[in-house]
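The structure appears below as structure tokens.
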Amino acid sequence: MAHLAHYREAHPLPMVITHWVNLIAMIVLILSGLEIHYPLVPGVMGIARGLHMFFAFVLVVNCVVRIVLAFVAKSAPAGGTRRLVRDYKTWLPQRDNKHQLWAWISYYLFLRREHPIAAKLGVPQKIVYLLIAPLIFFTAYTGFCLWGPTMGWPIFTWGTQLVGGAMNMRVIHYFCMWVFIIFMCIHVYLSLVEGASPATLIFFWKETPGLVYDPDTMNITGFDGMGKEPDYGETFKDPVRAAADAAAVAEREAAREGAE
Amino acid sequence: MAVREQTGTSRLQRKLDQHGFTRRDFLKYCGCLAGMMGLSSLAAPQIAEALEIGAEEGGLKPVIWLEGGSCTGCTEALTQGTTPDIPQLVLETIALNYSETLSAAAGHSLEQARRETIEAGGYLVVYEGAVPTAYDGNILLVAGEKGTDILLETAKGAEAVIALGSCACDGGWMAARPDDAQAMGVQRFLSEQGVDVPVVNIPCCPANPEWLTAVIVEYVLNGTLPELNDRNEPAALFNQTVHDNCPRRGHFENGEFVYEFGSEEEAKGYCLYPLGCKGPQTYAPCPITRWNRSLSWCVEAGAPCAGCAVINPMNPQGNWVDENTPFLDRHKDFAVGPISFQPTTVAAGLTVLVVAVLGVHCAGMKLAGRMDGGADFEAERRWDARHDKPAAHEAAARAQQLYDDLDELGLELKNTGAHRKRDAAGRKKATAVEVAAKAQGRAASDNAGASAAPAEDAAADLADLLVRPTDEPEGGDK
Ligand code: HEM
Ligand code: HEM
Ligand code: SF4
């Protein structure tokens, strides 16, 4: 069975960009971080450290931008709808997600057959994504503690003393990297395992047809073929888009007839 | 003339002469001292003069040197083999009354000297070695007295206590796992015992005697202790890392490393980072003061920094040994009971485990037929169904109707842009028109059912749009 339709409204363009920046910064940070940890490739330590610090700032600024976006931009509260709400609301507990933590876990543990109906972000997803921002800031803090050991800024020496010295800080920073790596493994796996649609949306802003979700009744009401095949049921398209999609369908069918 | 005569042959100068040091050597050393005290080297002559006058006037600062749980290495570092050097001579001239190791006196007469010094007051204490507290302090006895008692008694009347060497700072080697002696540093011990005396920590294994002399000279000349950092170390000495001032730092930045001892890179004097050099995490001025009369120091001599200056004065478990072993690995080992392991082992192991679990999970998803768009949706949320919410039931009924309609038409929904027709199930193939008609029919009957949601109007409009005259909709089968 199909997923909900993947509409651009779920991840508006600015979020697609922050996600790209996140991905690129994270990959550069991991590769340069590994080089700093143990310089397997000789000759590039200076470059690695330069890139590491540069993308550290990029990552932090990007994270701040994403958080600000949550309050200024609007996005869809669920997949399968073009309705918009302030983005931060899609990060808070939603009616659509009530009592669904276990539903999701049991789905992924094969303890239930059916896909839970949920908001754009399922409960575990929401929790984990929400933890990413603090984790980025925490990693940045530990990184800055290692960056300017001699500047002696009280805010950094305080934390370094707290964890018992720079060695522990390094190990903590290093562990943070592995937390990101593990997160990425799971994140990439889950976003690809049921089909490429989520990834094509977040990376290429490309929509894919799917079930239509009505945020008012919080259930599925139709199927949006996005002009490729007939729609079905109540799809809540605005009339202009519906007309365009219908025209596209008619055209395709006519073409098929012609080919006959 | 007379004055010159006098300074020229001061007690200190005579001593230096005896050991073959020229006045130039002495002034050079005073310049170094100035540097360590945070003064310009132009202050060298004043320091020299002050030292000589201090020595001349018999203004000897009494210093009581105590040995705790130590290997005497710090004392050895001060006396440095065959001949004393300038710092030692200076120290001997301006200070040093009681030392268990160095003193000519021994036994009771030595203890007597200590008591008298304490009574007279106005003295400094240098404490070498850890403070072992196991068995209520009975683990270390000196002249029948507990080492901890001696420290307490001596520290109480002191103007300041200098914890010399990493063991004295936080327990060092003594406090390293398994720490049977329950060792700790002077600062922690005194604060636990409620003795309120300033403690200056001078770390390293052993501590460089030049740093000790600098602190004592500053105290004798200025009457104040040097400015301390948050580990109670002299800030002018211990606020920069070894890595900051290392002569191999250029190689570090260029990415020129020694990966193996005995290699060509080692011969070239490249950076020792991959061999576990702890220089980047270690705060000490070794590359600047250097060792053994400024001859050389660990990294210069080809050994990765072992991080012996790392101290955590209030936390003996943070001693430099546990923080930095294995010395030749980039990170320290973690210990759980008797097992120790590298952070990389745990982290990479966990990651491999996660990937393996995901692999198994992926196979499960394949078997469950979920890879192709996920499992079918539930018609109603389980919690709603269980809690009997009318609105949820209604929405679920409509969703179920939708799924039933699609089944009837033999349509399988696909995200990839197509309704797939389920020929195999022997079902009738649906056409766009049939689908639209069905949708319209349902929308109309819902409208008749008077549950007038605005969305349904839209659905009806949509159905209208879809039902248009395409008489021969079904193309050829492929
Ligand atoms: C976000 C802000 C970050 C800052 C400011 C930062 C900064 C630093 C600094 C200064 C170092 C030490 C360099 C040195 O000692 O010369 C370092 C090391 C390292 N960083 Fe980062 N970093 C950040 C984020 C990250 C992230 C997100 C990762 C990985 C996902 C990462 C992975 C590493 C690794 C693996 C090391 C080597 C640690 C070691 O073994 O000693 N860093 N980082
Ligand atoms: C190849 C790598 C990646 C893929 C395929 C991928 C895919 C996706 C997808 C499909 C979503 C949308 C989830 C949804 O709402 O349905 C998403 C969101 C998200 N991803 Fe990734 N991602 C990747 C890498 C990363 C990395 C490296 C990070 C950061 C460590 C990251 C952090 C996030 C966060 C925080 C969100 C929340 C959505 C938002 O910001 O609006 N992703 N990712
Ligand atoms: S040898 Fe050690 S202290 Fe010197 S530059 Fe290399 S890592 Fe830093």
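Determine, yes or no, whether A:I67 is open to solvent by 10 Å² or more (accessible area, probe 1.4 Å) and more than 27 Å from B:K366 (Cβ to Cβ). Judged against the criteria, A:I67 is a match. Picking from A:I36, A:I17, A:I47, A:I30, which residue would you name as being closer than 16 Å to A:I202 by Cα and hydrophobic (A, V, I, L, M, F, W, C)? Exactly one of A:I36, A:I17, A:I47, A:I30 is closer than 16 Å to A:I202 by Cα and hydrophobic (A, V, I, L, M, F, W, C), namely A:I17. Summed over region B:282-308, residues that are of a type outside the set (G, A, S), in contact with a Ser or Thr (Cβ under 7 Å, 6 or more places away or on another chain) and within 14 Å of chain A (Cβ to nearest Cβ) total 4.
Yes or no, residue by residue, for (1) open to solvent by 20 Å² or more (accessible area, probe 1.4 Å); (2) more than 12 Å from ligand 2 (Cβ to nearest atom); (3) assigned to a helix (DSSP H, G or I):
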| residue | (1), (2), (3) |
| --- | --- |
| A:W158 | yes, yes, yes |
| A:M184 | yes, no, yes |
| A:V188 | yes, no, yes |
| A:L192 | yes, no, yes |
| A:D216 | yes, yes, no |
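The listed residues are A:F180, A:F137, and the only one of them that is open to solvent by 50 Å² or more (accessible area, probe 1.4 Å) and near ligand 1 (Cβ under 9 Å from one of its atoms) turns out to be A:F137. Note on region A:1-51: residues that are buried (at least 17 other Cβ atoms within 10 Å of the Cβ) and within 16 Å of ligand 3 (Cβ to nearest atom) total 7.
Table: residues versus (1) more than 14 Å from A:M218 (Cβ to Cβ); (2) not aliphatic (A, V, I, L, M).
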residue: A:A78; (1), (2): no, no
residue: A:L84; (1), (2): yes, no
residue: A:Y88; (1), (2): yes, yes
residue: A:L101; (1), (2): yes, no
residue: A:W104; (1), (2): yes, yes
residue: A:E114; (1), (2): yes, yes
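Scanning region A:140-156 for residues that are at the interface with chain B (Cβ under 10 Å from one of its Cβ atoms), open to solvent by less than 50 Å² (accessible area, probe 1.4 Å) and away from ligand 3 (no atom under 16 Å from the Cβ) yields a single hit, A:G152. Within region B:153-190, the set of residues being assigned to a helix (DSSP H, G or I), on the phi < 0 side of the Ramachandran plot and under 24 Å from the mean Cα position of the chain (by Cα) comprises B:S166, B:C167, B:A168, B:C169, B:D170, B:W173, B:M174, B:A175, B:V186, B:Q187, B:R188, B:F189. If you check A:T142, A:T208 for being at pLDDT 95 or above and in contact with a His (Cβ under 9 Å, 6 or more places away or on another chain), only one passes: A:T142.
Restricted to region A:128-145, and to residues there that are free of Cβ contacts under 8 Å to residues at least 24 places away in the same chain and within 12 Å of ligand 2 (Cβ to nearest atom), the residue that is nearest to A:V58 (Cα to Cα) is A:P134.
The values are calculated or read from the model by the stated rules, or taken from the named source; none is laboratory data. Here the structure is a predicted model, which means the values were calculated and not measured. Cβ: placed from backbone, ideal geometry, glycine included. Neighbour counts: every protein chain shown. Quick note on the areas: whole protein, heavy atoms, side chains included, nothing else; ligands and nucleic acids left out. Shrake-Rupley method; radii C 1.70, N 1.55, O 1.52, S 1.80 Å.
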